[in-house]
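The values are calculated or read from the model by the stated rules, or taken from the named source; none is laboratory data. What you are looking at is a predicted structure, and each value in this text was computed from that prediction instead of being measured. When we count neighbours, we look across all protein chains shown, and the Cβ atoms used for this are built from the backbone with ideal geometry, even at glycine.
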Amino acid sequence: MNRPVRFNQLWQLISALFREIIREPGVLFWGILFPILMSLGLGLAFTKKTDVLRKVAIINMTKSSSSGSENFVIDSFLQKNCEKNVSSNSGSWQWKYTIRDEKLGNSIFQFYQLKWDEAIKLLKRGTINVLLLGRNDSIEYHFDPMNPDAQLTYLKLSTVIGQGKIYQVQGNTEIKPLTVTGTRYIDFLVPGLIAMGVMMSSMWGISYGIIEKRSKKLLRRLVATPMKKSHFLIALITVRITMNFIESFVLFLFALFAFKMTIQGDISALILMFLAGNIAFAGLAVLVSCHTSNTEVGNGLINFVIFPMMVLSGIFFSYQNFPDWSIPFIKYLPLTMVADGIRSIFNEGAGYHEVTLPIVILLAIGTIFFSVGLKVFKWH
């Protein structure tokens, strides 16, 4: 009599498949250990510290005022309520104020004394989101009304500056929405999406494509041909870069018509910056896919490269929110350099002078990674 379920055969099949998985160390690492490491890193970044840091610019209109503003309300607030940074240098905060809240977490405000042009540049980069301008006995708040974080910063600041004094700040407060080109969140987001698209397209289009062909024994057939490895990889990279140009151009056209975005800087510098980013990630993609033939391991290697940069490089929000000690490292990640370079050309009017260094670094990264990947590349 035939049994509907042969438990012994089922158990043997399950056991064989399980042994096939555990015999591949890469699968165990990328499938089990790597997600744990990612959750640990993100958990430390987003749960260990409940304090919220908000950076605010105080516009320096005159040189006579000790705080750099014309407003005695701001002067008095800074002097009496804020902690002064006695060791401050260029680019660092001068004053700090903390609103304590045990339930929702503390709100820490760092005040920077800046000129208008300097503040606007930092606003475009996402470093600050509110500008304070003093005019005699009144305060002007300049921020993007479509930015909810800027609105929250304004609401919290407007309730503490001037409290307990003989004057009422709320009655002398004026909100001035910023209409400067390049200060909207969409102006910050679209260049980041273009940079991320280059990374994702290169890593998945080149790396995973090579690994999948190798796993299916398709690359083995190319060994018998007179084709060189370098020709094969260069052709693959050329096709991918062409596709990236098309995809990014379509995204820019959409942003141009839908959101009235403009390119304020040098277009030729933008094209060279974009090309350097493509070369950097293409070289990295070749290095990642040069040896493995297991798609599971390849999947993990690609995620190992792209996920940290997606989180750290400031695509959806400014990386200035991360701890100060990590900023110098984050700035030199390939995705960060591409995103910052494209943003500076789009929103700040940058040219070759501002983006030469990241272009050179990205080209060097791409060349070195491609050379190493080509050296150890295997067909099967």
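Report every pair of residues separated by at least 6 positions or lying on different chains whose Cβ atoms are under 7 Å apart, first residue within the stretch 198-213 and farther than 20 Å from Val338 by Cα, second at pLDDT below 85 and of a type outside the set (S, T, N, Q). Going by the 7 Å Cβ cut-off, the qualifying pairs are Tyr208/Gly298; Ile211/Gly298; Lys213/Leu219.
As for the stretch 170-178, it holds no residue that is outside any loop (DSSP other than H, G, I, E, B), modelled with pLDDT of 80 or more and not assigned by TED's automatic domain parsing to the domain that holds Ala282. Taking the numbered list (1) at negative phi; (2) outside any helix (DSSP H, G or I) in turn, Gly373 passes all entries but (2). Taking residues in the stretch 311-336 that are under 20 Å from Lys55 (Cα atoms), and partners anywhere that are of a type in the set (Val, Ile, Thr), the pairs with Cβ atoms closer than 6 Å and at least 6 places apart or on different chains are Leu312/Ile330; Ser313/Thr336; Tyr319/Ile330; Gln320/Thr127; Ile330/Thr336.
What helices (runs of 4 or more DSSP H), lying completely within the stretch 209-300, carry at least 2 residues that are of a type in the set (Ser, Thr, Tyr)?
Details: elements: 209-215, 229-259, 267-288.
In the stretch 209-300, the matching helices (runs of 4 or more DSSP H) lie at 229-259.
Of the residues making up the stretch 249-267, just one is within 30 Å of Leu287 (Cα to Cα) and touching a Leu at 6+ places or on another chain (Cβ under 9 Å), namely Leu251. Evaluating Ile271 against the criteria (1) within 21 Å of the chain's Cα centre (by Cα); (2) touching a residue at least 40 places away in the same chain (Cβ under 8 Å) leaves one unmet condition, (2).
Residues that are more than 28 Å from Ile186 (Cβ to Cβ) and surrounded by 20 or more Cβ atoms within 10 Å (Cβ to Cβ): does the stretch 302-319 have at least one? Yes - at least one qualifying residue is present in the stretch 302-319.
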